1. If you keep only loop residues by DSSP, which chymotrypsin sites (Phe, Trp or Tyr not before Pro) in the range 66-130 have at most 15 other Cβ atoms within 10 Å of their Cβ?
2. Give a quick list of trypsin sites (Lys or Arg not before Pro) in the range 39-124 that DSSP marks as loop, anything other than H, G, I, E or B, with at most 14 other Cβ atoms within 10 Å.
3. Excluding ASP66 itself, calculate the net charge of residues whose Cβ lies under 14 Å from the Cβ of ASP66, where each Lys or Arg counts +1 and each Asp or Glu counts -1.
4. May I ask you to derive the FRET efficiency for THR27 and GLU60 from their Cβ-Cβ distance with R0 = 41 Å, giving the value to the nearest 0.05?
5. Which of the GluC sites (Glu not before Pro) found in the range 67-171 are loop residues per DSSP with 13 or fewer other Cβ atoms within 10 Å of their Cβ?
6. Full extension from ARG69 to ASP170: what is 0.36 nm times the residue separation minus their Cα-Cα distance, to one decimal in nm?
Amino acid sequence: MPPWIRTLAVVAVLAVAAYAITPRSETISEKASRDGIVNVAKNAPDMAAAMRRARATLPEFLALADAPRAGMSGFSVKVAVREGDRTEYFWIFPFARQEGKFSGTLNNQPRIVHNVQLGQSIGFAEGAIVDWLYRDGDTMKGSFTTCAILKHEPRREADAMMKQYGLDCDL
């Protein structure tokens, strides 16, 4: 797996809980270096909008994933895994689609739920996909939930992350 996917997957892990955004004692880069998570309020407007945008553009993404053009790579999707009343979101890379069903490899260390593990292959429905990403040369496309998280980071930190990954966010 390309190193940028692993690092971005760690950065963009999103644990949705029923509490507000926790106070920051670490930058997002520091959380990434220790495979940390970002806690977001269950009904955070920016995150909900990011997930709606990803879902609205999912058909185009899946068409590209089925027939990528030269220079495109790293096609990944983000799905929710639930355990009781807890939910944690994971990047799935690589993923496959066959006869309307999806499967792929869990790409983050679970922190909130314990019914899955890093590297495990899981199955999921298209409706479970809340975000997607891929690389087109040096540019990262999608990753709307990462952009939503970066909106709440100090601008200098957000700009550094976007530059590092070639991610274009409307902050």
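1. Nothing satisfies the criteria.
2. For trypsin sites (Lys or Arg not before Pro) across the range 39-124 that sit outside H, G, I, E and B with at most 14 neighbouring Cβ atoms in 10 Å, the list reads LYS42, ARG69, ARG111.
3. -1
4. After rounding to 0.05, the efficiency reads 0.80.
5. In loop regions of the range 67-171 (DSSP not H, G, I, E or B), the sparsely surrounded GluC sites (Glu not before Pro) are GLU99.
6. Extra length available between ARG69 and ASP170 comes to 33.8 nm.
Readers should treat all values here as calculations from the given coordinates under stated rules, not as data from a laboratory. If you're wondering where the values come from, they're calculated on a predicted model, not measured in any experiment. Positions of Cβ are generated from backbone atoms using ideal geometry, with glycine treated the same way; all protein chains shown enter the neighbour counts.
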